[in-house]
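Down below is the structure, laid out as structure tokens.
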Amino acid sequence: MNELHVVFGTGPLGLAVMRELRRRGKHVRMINRSSQVRFEKDSQTEVGGIDAADASRTREVCEGAAVVYHCVGRPYPRWTEFPSIAAGIIEGTASAGAKLVYADNLYAYGAVDRPMTEDLPSNAITKKGRIRAGIAQSLMSAHNAGKVRVAIGRGSDF
């Protein structure tokens, strides 16, 4: 089946997701701000450039998608842009009736003195942690409301 998978972000994580999807024979649409990429394009991969915070544009690029991946990275001084980017991606994903996979980090957990499991509460103590926790909460609120099906993957480093 050649279903469409839309990957927002063309940094190391987005490119890794793209390579795995291509290996599985999926049609991949890579999205970033500039439409500039550093990989060899092929017939099963297309590239587009939009501002992911623009919900009308995310609806366009997500049209027909089965799964959308939020792999957008921003430099630390620009993390305040993340909530509007996440909101735009939620809107695009929901309009397509697609599933949303969000690549998160561990900042929302704050300082932890026990093994990390997915049932840990958000206990962010930094500005960046609170931003990440807020995004995860907005995603899960959209999921719980039935707006979009969301999965969050958290890694210590990517």
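Some points to look at:
- Carbon/sulfur fraction of accessible area - region 1-66, other protein chains in place, 1.4 Å, %: 45
- DSSP bridge orientation in the chain - percent antiparallel, rounded to nearest 5: 0
- Per-residue [θ]222 nm for the chain (sum of -39500 (n - 2.57) over DSSP H runs n ≥ 4, rounded to 500): -10500 deg cm²/dmol
- Contact order for region 39-149, expressed relative to its length and based on alpha carbon pairs under 8 Å spaced 6+ residues apart, stands at 26 percent.
- Listed candidates (1) 158; (2) 115; (3) 123 - label of the one calculated as volume of the Cα convex hull per residue in Å³: (2)
The values are calculated or read from the model by the stated rules, or taken from the named source; none is laboratory data. Please read all numbers here as calculations on a predicted model, not as lab measurements. Protein only, heavy atoms only, side chains kept; ligands, DNA and RNA dropped before computing areas. Shrake-Rupley method; radii C 1.70, N 1.55, O 1.52, S 1.80 Å.
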